[in-house]
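One structure coming up, written as structure tokens, with questions to follow.
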Amino acid sequence: MFEQTTYVNRRNALVEKMDSGMLVFMGNENVGMNYRDNTYHFRQDSNFLYFFGINQENLIAIIDLEENKTCIYGDELSVEYVVWMGPQVTIKEKASQVGISETAPYAHAAKAIANARSKGRNVHFLPQYRASNMIKLADWLGDSIEKIKATYSENFIKAIVGLRSIKSAEEVAEMEKALTTTKEMHLVAMKHARVGIKESFLTGLVEWQATAGGGGLAYPIILTVNGQTLHNHYHGNTLQKGQLVLGDFGADTEMHYAGDITRTFPVDTKFTSQQKDIYEIVLKAEVDCINGLKPGILYRDLHMQAARIILEGLQNLGLVKGNIDDALVEGAYGLFFPHGLGHMIGLDVHDMEDLGEQHVGYRPGLERSKQFGLKSLRLAKELEEGNVLTVEPGIYFIPELIQKWSKEKICSDFLNYDKILDYLAFGGIRIEDNCLITSHGQQTLGPAIPKSIDEIEEIRQLSLS
Ligand code: GLY
Ligand code: MN
């Protein structure tokens, strides 16, 4: 936990931004995997962590703006629980550590919410991503689930996004910690990859390194020889000569700040010349976009810059033809780069995505595109000092997409399908770093992780010698 003043100041700043009513924070509960007591790894809600810091299941927090009172609702644990789970710090004590003197049994939250609703008071709640919390709110407010999904508080969301989008120095330090562990996770994968082992052998090492770092994984590991599948969580392939390994994974600190790094390296000690050609294009896109980061710039413009670099690079290799400006407008790059350039990162790997990407990455007047590729851009708006975000361009050869586009002659003025079909077995390359927007530019967070072709070939050479 941070110091008490951090949580007090955050709540005060939130209250300043809100007019009236009651602010409800639904903490998370344990969820059974295959029966009630065999639970998934517990993850507290990030908004709860941000304002209350308490990493414990079955809690609700309410800030009552009219009564000027904040209360944590939860049931103190019985001795029977202690028999199974060991002695626990009381909720009262944890609440006092974050500057809250009032606690009450869990059931009282339901009463407080129902009571406020019956008096016609404004009950502000956030979009719920867990069914159990949706059901509880529906029950207490006397609304349908559909209504709960539709009537969350936009003002509450905007106030929180405004605060959480700007990282404090202590948050940045926590993210640096996540990235220090994340570096070790990537190094262990780079050092142990070799022909004949399974992807799962490497994911085991990566997860071990994350746990050894004192936290865990910020999101499920992507580590695959099929990097063309963007969120590939299958780890059953055996590494073969000539393949690339794409690793996209990051550590979660004890306080749940995330790292999100991607590196791509050859199973062999060296990239093939075809792999080098594509790698250099992705690397240029990544480095140029990182160098372009600064307050005020539209992140969508940097996304388009990455798309341009990708199209120009592939034009030099003969895969793309025609006028690049027109190809950009038509979205031809979506065949190779179908996702966004990056996203905010913080307590969540896709920070605040539960609150809605339109609030985190867009603003009125800057609407989300419907075009394939650009529509997947999570962050488009002007950057501000204090934002932390990922920069993660990639080039992928997705056989199913290539077959479909070539059959339907999509963007055929710009795409040289005869040549592209030669790359069906290539896979994918993505390179990703995490950057803090500073007053004049950016600071790439965390220790350097091998990224240039020379650095990657060097570590692969050492590992296999
Ligand atoms: N790390 C996975 C993603 O950014 O979607
Ligand atoms: Mn990412």
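We did not get these values from a lab; they are worked out from the coordinates using the rules stated. Predicted model only: the values in this text are computed from it and were never measured. For neighbour counting, all protein chains shown are included, and Cβ atoms are generated from backbone atoms with ideal geometry for every residue, glycine included.
How high is the relative contact order of segment 214-267, in percent, with contacts defined as C-alpha pairs under 8 Å that are six or more residues apart?
Normalised by residue count, the contact order of segment 214-267 is 40 percent.
I want to make sure I understand the PRE zone here: with the label point 7 angstrom from the Cα of Glu93 toward its beta carbon, which residues in segment 69-83 have backbone N atoms less than 13 Å away?
77
Calculate, for Leu366 and Val31, the FRET efficiency according to 1/(1 + (r/R0)^6) with r their C-beta to C-beta distance and R0 45 Å; round to the nearest 0.05.
It comes to 0.80.
If I take every Cα pair under 8 Å that is 6 or more residues apart in segment 252-349, average their sequence separation and divide by the length, what percent do I get for the relative contact order?
Relative contact order for segment 252-349 comes out at 38 percent.
Please work out the Cα center distance from segment 1-39 to segment 418-443, rounded to the nearest Å.
35 Å
Continuing with the same structure: So for Thr211, Thr264, fewest C-beta neighbours within 10 Å to most, what's the order?
Thr211, Thr264
Can I ask one more? What is the local net charge at Asp325, summed over the other residues whose Cβ is closer than 13 Å to its Cβ (Lys, Arg +1; Asp, Glu -1)?
-3
So, one more: What is the list of residues in segment 232-257 whose amide nitrogen lies under 20 Å from a point 7 angstrom out from the Cα of Glu57, following Cα to Cβ?
Backbone N within reach: 254-256.
Relative to the compact-globule scaling 2.2 N^0.38 Å, provide the ratio for the alpha-carbon radius of gyration of segment 259-398.
Normalised Cα radius of gyration, segment 259-398: 1.07.
Separate question: Can you compute the modelled spin-label distance between Asp75 and Ala150, with each label point 7 Å from Cα toward Cβ, in nm?
Reported label-point gap for Asp75 and Ala150 is 3.5 nm.
If each of Lys381 and Gln274 carries a label point 7 Å out from its Cα toward its Cβ, how far apart are those two points in nm?
Those two pseudo-labels are separated by 4.4 nm.
Shifting gears a bit: By how many degrees, between 0 and 90 and to the nearest 10, does the Cα long axis of helix 299-316 differ from the longest principal axis of the chain?
The angle comes out at about 20 degrees.
Can you give the FRET efficiency for Glu458 and Asn316, using 1/(1 + (r/R0)^6), R0 = 25 Å, r = Cβ-Cβ distance, to the nearest 0.05?
Efficiency, from the Cβ-Cβ distance: 0.45.
Hey, what number do you get for the chain at 222 nm if only DSSP H runs of n ≥ 4 count, each worth -39500 (n - 2.57), divided across all residues, to the nearest 500?
Calculated from helices alone, the mean residue ellipticity at 222 nm is -12500 deg cm²/dmol.
Can I ask one more? Calculate, in nm to one decimal, what Leu424 and Ile297 gain on full extension: separation in residues at 0.36 nm each, minus their alpha carbon distance.
Length difference between fully extended and current span is 42.1 nm.
Note down the net charge around Ile145, summing +1 for each Lys or Arg and -1 for each Asp or Glu among other residues with Cβ under 11 Å from its Cβ.
Residues near Ile145 contribute 0 overall.
Please work out how much length the chain gains when fully extended from Asn416 to Asp139, using 0.36 nm per residue of separation minus the C-alpha to C-alpha distance, in nm with one decimal.
94.0 nm
Among the listed pairs Lys177/Lys198; Lys17/Lys158; Lys241/Lys270; Lys177/Lys284; Lys294/Lys381; Lys381/Lys451, give every one whose C-alpha distance is greater than 18 Å.
Listed pairs above 18 Å: Lys177/Lys198; Lys177/Lys284; Lys381/Lys451.
Could I ask something else about it? Output the 0 to 90 degree angle, nearest 10, between the alpha-carbon long axis of helix 131-141 and the longest principal axis computed from the alpha carbons of the chain.
40 degrees
Between Ser101 and Val15, what is the label-to-label distance in nm when each label sits 7 Å out along the Cα-to-Cβ direction?
Spacing of the two 7 Å Cα→Cβ label points: 1.3 nm.
What is the helix-to-structure angle for 453-464, meaning the angle in degrees between its Cα long axis and the longest Cα principal axis of the chain, kept from 0 to 90 and rounded to the nearest 10?
The angle comes out at about 80 degrees.
Can you tell me what percent of all Cα-Cα pairs in the chain are more than 37 Å apart?
Tail fraction, whole percent: 33.
Any idea what the relative contact order of segment 168-243 is, in percent, if you count C-alpha pairs under 8 Å spaced at least 6 apart?
Reported relative contact order: 32 percent.
Looking only at segment 291-334, which residues have a backbone nitrogen under 15 Å from a spot 7 Å from the Cα of Leu230 in the C-beta direction?
303-304, 307, 332-334
Then there's this: If we count every other residue with Cβ under 13 angstrom of Gly313's Cβ, Lys/Arg +1 and Asp/Glu -1, where does the sum land?
So the surrounding residues net to -2.
Right, something else. How would you order 298-309, 363-374 from highest to lowest mean count of nearby Cβ atoms within 10 Å?
The densest-packed peptide leads the list: 298-309, 363-374.
Please list, in order along segment 224-230, the HN-Hα scalar couplings obtained from phi with the Karplus expression 6.51 cos²θ - 1.76 cosθ + 1.60 (θ = phi - 60°), rounded to whole Hz, x for Gly and Pro.
7, 7, 10, x, 5, 8, 4
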